[in-house]
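Comments concern the structure below.
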């Protein structure tokens with residue numbers, strides 16, 4: 001059976017207790033195990049850094065919160081449409097109501113542009129520079145492609161990406177799958193689940 005923070009000293013004490021059954025050894029074992037766990041906890045919390053590895057710190061906080069609260073029912077008290085309607089209402093980007101207007105403005109802008117005003121093609125250096133600045137451990141998009149996968153692409157794949165993005169800019173055509181998003185409603189802690197505004 002796995003016991004957290006059971007180091008070599010604790011294992012020796014455990015073996016002594018199993019052989020002798022001495023309660024003093026058992027007390028010493030518990031004290032040693034508590035000390036090892038406290039040392040592990042202090043070391044873990046001292047390494048928390050939201051600047052360089054925020055996802056690790058956030059994962060630790062989430063695990064601590066889950067340990068303090070019993071698991072809740074996965075059934076939502078509010079409908080998915082209600083949450084979606086609330087998200088659309090508070091979103092900064094234009095939604096379906098203005099979709100036609102945005103498309104018309106885009107077409108007008110493209111008609112006014114000349115060939116000289118087209119953006120410069122993407123280079124491999126630009127792709128590599130952008131990938132270096134990309135934050136790791138972020139959630140994948142609707143295409144389920146993780147950032148780590150793209151960051152580890154070789155030179156041939158980066159050359160293909162530069163041509164691919166340049167073609168998108170030249171043809172003004174964006175893939176339909178890039179216009180989709182997979183939105184998951186997460187209940188805010190301590191809020192009433194019956195209100196759509198109480199979901200992230």
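The values are calculated or read from the model by the stated rules, or taken from the named source; none is laboratory data. Source: prediction; values computed, not measured. Neighbour counts run over all protein chains shown; Cβ positions are idealised from the backbone, glycine included.
Residues being at pLDDT 70 or above and surrounded by 10 or more Cβ atoms within 10 Å (Cβ to Cβ): count how many of those fall in the stretch 78-98.
Qualifying residue count for the region: 11.
Of everything in the stretch 25-64, what is in contact with a helix residue (DSSP H, G or I) (Cβ under 6 Å, 6 or more places away or on another chain) and either loosely packed, with under 12 Cβ neighbours inside 10 Å or modelled with pLDDT under 80 (or both)? Give them in sequence order.
If the condition is that a residue be in contact with a helix residue (DSSP H, G or I) (Cβ under 6 Å, 6 or more places away or on another chain) and either loosely packed, with under 12 Cβ neighbours inside 10 Å or modelled with pLDDT under 80 (or both), then 48, 50 are the ones that fit.
I'd like to know if the stretch 110-129 contains one or more residues that are within 30 Å of residue 83 (Cβ to Cβ), modelled with pLDDT of 85 or more, touching a helix residue (DSSP H, G or I) at 6+ places or on another chain (Cβ under 6 Å) and surrounded by 11 or more Cβ atoms within 10 Å (Cβ to Cβ).
For the stretch 110-129, residues within 30 Å of residue 83 (Cβ to Cβ), modelled with pLDDT of 85 or more, touching a helix residue (DSSP H, G or I) at 6+ places or on another chain (Cβ under 6 Å) and surrounded by 11 or more Cβ atoms within 10 Å (Cβ to Cβ): absent.
So which residues in the stretch 156-173 are surrounded by 10 or more Cβ atoms within 10 Å (Cβ to Cβ) and either farther than 17 Å from residue 133 by Cα or touching a residue at least 60 places away in the same chain (Cβ under 8 Å) (or both), if there are any at all?
157, 159, 160, 163, 164, 165, 166, 167, 168, 169, 170, 172
Give the residue that is nearest to the chain's Cα centre (by Cα), with candidates limited to residues of the stretch 4-24 that are surrounded by 10 or more Cβ atoms within 10 Å (Cβ to Cβ) and not in a helix (DSSP H, G or I).
5
Can you name the condition, by its number, that residue 184 falls short on among (1) surrounded by 13 or more Cβ atoms within 10 Å (Cβ to Cβ); (2) not in a helix (DSSP H, G or I)?
(1)
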